[in-house]
Amino acid sequence: VILMFVYLVKRIPQKLQSEEKVQEMATALSQIPWSSNTLTADDKTSIFNKEVDKFKGMIQQEASMNQLGNAILLVMLYRIIVSTKFHPRLAILTSTVRHAIDDLWHFA
């Protein structure tokens, strides 16, 4: 439960600020002086590649956070299954989930 709380505390501000970050990066890309005579083509492509690397880093961070969230959800599902298997009527539910876990894994 604490891990999920920490994840949400870190994740919510990231989601709220993501639009602003993407707009900043898109603006930086659109303001590359492609028609400038003072910069060489290598300088222009270097600026472009730096901005694209920022985008890639943001996408990679997003993917990592999504994987962490999925792992936390799987741990929480496991905890629910373990804690409810002791009651006879709830054991039917947990045994169903236990048999379906292979199919659920393919959707994760």
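The values are calculated or read from the model by the stated rules, or taken from the named source; none is laboratory data. None of these values were measured; they are calculated from a predicted model. Neighbour counts run over all protein chains shown; Cβ positions are idealised from the backbone, glycine included. The accessibility values were calculated without ligands, DNA or RNA, using every heavy atom of the protein model including side chains. Shrake-Rupley method; radii C 1.70, N 1.55, O 1.52, S 1.80 Å.
Based on the alpha-carbon gyration tensor of the range 53-108 and its eigenvalue square roots a ≥ b ≥ c, which shape applies: rounded if a/c is under 1.5, prolate if not and a/b is larger than b/c, or oblate? Cα axes put the range 53-108 in the prolate bin.
Screening the chain for whole DSSP H helices of 30 Å or more along their axis (Cα) with average Kyte-Doolittle hydropathy at least 0.0 returns 2-30, 41-84. Taking the 1.4 Å solvent-accessible surface of the range 13-66 as the whole, the part contributed by carbon and sulfur is 55%.
Mean sequence separation of contacting Cα pairs (under 8 Å, at least six apart), scaled by the length of the chain, corresponds to a relative contact order of 22 percent. Note on S30/D103: beta-carbon distance plugged into 1/(1 + (r/R0)^6) with R0 of 41 Å gives a FRET efficiency of 0.35. A helix-only calculation puts the chain at -31000 deg cm²/dmol for mean residue ellipticity at 222 nm, using -39500 (n - 2.57) for each DSSP H run of at least four residues, averaged over all residues.
Against the compact-protein benchmark of 2.2 N^0.38 Å, the Cα-based radius of gyration of the chain scales to 1.75. A 1.4 Å probe run over the chain, with the rest of the protein chains in place, finds 81 Å² accessible per residue.
Centre-to-centre, using Cα atoms only, the range 29-51 and the range 10-28 are separated by 23 Å. On the basis of the beta-carbon distance and an R0 of 25 Å, A41 and Q61 show a calculated FRET efficiency of 0.25.
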